[in-house]
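A short write-up of the structure that comes next.
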């Protein structure tokens, strides 16, 4: 049975309410800085503070990494899968709502946009004999298999003689042309090493915070919604979002 992990900076995010609604038959983990204080208390929800999975301050001091908070969220996703009991985990970003039909094993989802070059550079450094797919698999969610993830991280550690977190941190810290994406690394590895992996295209709308419409209506247009109210908002961005939403064109 697939288990769901929500990684969120806000334990009371509105998007969590909808994940609980659309995935009510799944065991769901909420991992956030103060998850145990979350207002959500459904019987299928297990709340874990993120420091119980990966110590934020200790790791920050050890790595001394720029944009540490951004990378911490990615490391936390991997560590959560390694820590929790289970085999298949659907990770959903805390600001995101997705269709329940995306909970599929051995399936990767892509926006069909090209991969950011920094992600490709880092992956080629980690696995130089692998081919790059060229498509972006960064869609605010991903179904992870624990055995596959353990295989990836073990290979990284064996090749670099240090922990996977230290390896990834050192790569992005010492080369400005390297960027790490937890989703892209996992997807590229599976496409290079596993034969039964399906790939499906999805539509993503990342600026639902600019749209005055219900989630149910939005999910009739798009597969994945994100509320990125921490991003810039101006008249042109608002206008673009409303036009794109009206015609069903993805943002993201």
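Taking the criterion of being surrounded by 19 or more Cβ atoms within 10 Å (Cβ to Cβ) and touching a strand residue (DSSP E or B) at 6+ places or on another chain (Cβ under 7 Å), would at least one residue in region 169-186 satisfy it?
Yes, region 169-186 contains at least one residue that is surrounded by 19 or more Cβ atoms within 10 Å (Cβ to Cβ) and touching a strand residue (DSSP E or B) at 6+ places or on another chain (Cβ under 7 Å).
Are any residues in region 78-102 surrounded by 15 or more Cβ atoms within 10 Å (Cβ to Cβ) and under 17 Å from residue 190 (Cα atoms), and if so, which ones?
Those that are surrounded by 15 or more Cβ atoms within 10 Å (Cβ to Cβ) and under 17 Å from residue 190 (Cα atoms): 78, 81, 88, 89, 90, 91.
Of (1) surrounded by 14 or more Cβ atoms within 10 Å (Cβ to Cβ); (2) touching a strand residue (DSSP E or B) at 6+ places or on another chain (Cβ under 6 Å), residue 36 satisfies all except one. Which?
Of everything listed in (1) surrounded by 14 or more Cβ atoms within 10 Å (Cβ to Cβ); (2) touching a strand residue (DSSP E or B) at 6+ places or on another chain (Cβ under 6 Å), residue 36 misses just condition (1).
Residue 241: farther than 27 Å from residue 78 by Cβ, in contact with a strand residue (DSSP E or B) (Cβ under 7 Å, 6 or more places away or on another chain), surrounded by fewer than 19 Cβ atoms within 10 Å (Cβ to Cβ) and not assigned by TED's automatic domain parsing to the domain that holds residue 165, yes or no?
So residue 241 does not fit the description; no.
Out of all the residues in region 121-131, which are touching a helix residue (DSSP H, G or I) at 6+ places or on another chain (Cβ under 8 Å) and in a helix (DSSP H, G or I)?
Within region 121-131, 122, 123, 125, 126 meet the criteria.
The values are calculated or read from the model by the stated rules, or taken from the named source; none is laboratory data. The structure presented is a predicted model; accordingly, all values stated were derived computationally and were not measured. Reconstructed Cβ throughout: ideal geometry from the backbone, glycine too, with neighbour counts over all protein chains shown.
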